[in-house]
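These notes concern the structure reproduced below.
Just so it is clear, none of the values below were taken in a lab; they were calculated from the coordinates. Owing to the predicted nature of the structure, the values given are computational and were not obtained by experimental measurement. Cβ: placed from backbone, ideal geometry, glycine included. Neighbour counts: every protein chain shown.
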Amino acid sequence: MARRLPVVGGNWKMHTTRTEARALLQALRADLDGLAGAQIVVCPPAPWLSDAADALAGSTLEVGAQDVHWEPNGAFTGAISAPMLAGVASWVIVGHSERRHLFGETAEETNAKLRAILAAGLRPILAVGERQEESDRTADILRRQLDEGFLGFDRLPADVVIAYEPVWAIGTGLAATPDDAQTRCALIRSMLAQRFGAAAADNCRIQYGGSVNPQNIGGYAKQPDIDGALVGGASLDAAAFTAICRAVAAA
Ligand code: PGA
């Protein structure tokens, strides 16, 4: 089996002024351009996407959006479509727990967004994960989120990255242990294998996300079924994000 190239995503969420964003982009480019062994995807807030595209043009760093609407255009005030993103981003996070739980994104919407992202030639990072109160049924929750996310798909698109993010670990400092994260990522891979076949599952990159930082990344990076990380808070600090990316690339 070819070694999967790990992916590190930096999800800035609703943070940074434009000045801060430009400075962070410059620092990341200076520190990480050309890094071998990991693919790096920087996901700033939507207003700074074209700044990011400009700042990272010609580098090995790629730009991702944090969300998207499922329709290509129309009367949807405030929404941004996948064809619009296609000029400035190459990735889109979809199904993040903050979209699902704070904004009420339904499973149907996640599925429609996933289709829209792929139809526009973009690459999705599909986030799945259980809430604290669902911890005793994690396998059921993950299976349901995968089934619903991929509803109607007869094959697993090669460009899909899955992010396993237990909701209780996001932004809390309470990261999953590397062993637990490995177990869950392996479980997701086995579910993908059942649904789409072993080869597709073997090729699929599965990230861990939830309170990843430079101190704990090494524990995840060496796990056989964890192919990188989706990083929130620590992605706002150039030194921290660089350390995380380097640790993943070196593993
Ligand atoms: P965190 O966020 O690293 O701040 O926990 C992770 C995420 O939301 O992807």
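The alpha carbon centroids of region 125-167 and region 42-102 are separated by 21 Å.
Within the shell of other residues whose beta carbon sits under 12 angstrom from the beta carbon of Leu85, the net charge comes to +1, with Lys and Arg scored +1 and Asp and Glu -1.
Per residue, the average separation of C-alpha pairs within less than 8 Å and at least 6 apart gives the chain a relative contact order of 22 percent. Can you bin the chain into rounded, prolate or oblate? Criterion: square roots of the alpha carbon gyration tensor eigenvalues sorted a ≥ b ≥ c, rounded for a/c under 1.5, prolate for a/b above b/c, oblate for the rest. Here the chain falls in the rounded category. Structure remark: mean-square fluctuation, Gaussian network model of the chain, C-alpha springs under 10 Å; the largest value among Ala89, Ala107, Ala181 belongs to Ala107.
The charge dipole of region 7-250, taken about its Cα centre with unit charges on the Cβ of Lys, Arg, Asp and Glu (plus for the first two, minus for the last two), comes to roughly 260 debye. With a ≥ b ≥ c the root eigenvalues of the C-alpha gyration tensor of region 22-148, is it rounded (a/c under 1.5), prolate (a/b larger than b/c) or oblate? It is oblate, given that a/c is not under 1.5 and a/b is not larger than b/c.
Straightening the chain between Ala36 and Thr177 buys 48.1 nm, computed as 0.36 nm per residue apart minus the Cα-Cα spacing. So for the pair Asp136, Ala119, with labels modelled 7 Å out along Cα→Cβ, what separation do we get in nm? The answer from the label model is 4.2 nm. When each of Val231, Val63 is scored by the number of other beta-carbon atoms lying within 10 Å, the sequence from fewest to most is Val63, Val231.
Proximity of backbone amide H atoms, modeled 1.01 Å from N, is registered between Val212 and Gly232 at under 5 Å, excluding neighbours fewer than 5 places apart on the same chain. For the pair Asn73 and Thr19, a Förster radius of 30 Å applied to the C-beta separation gives a FRET efficiency near 0.45, rounded to the nearest 0.05.
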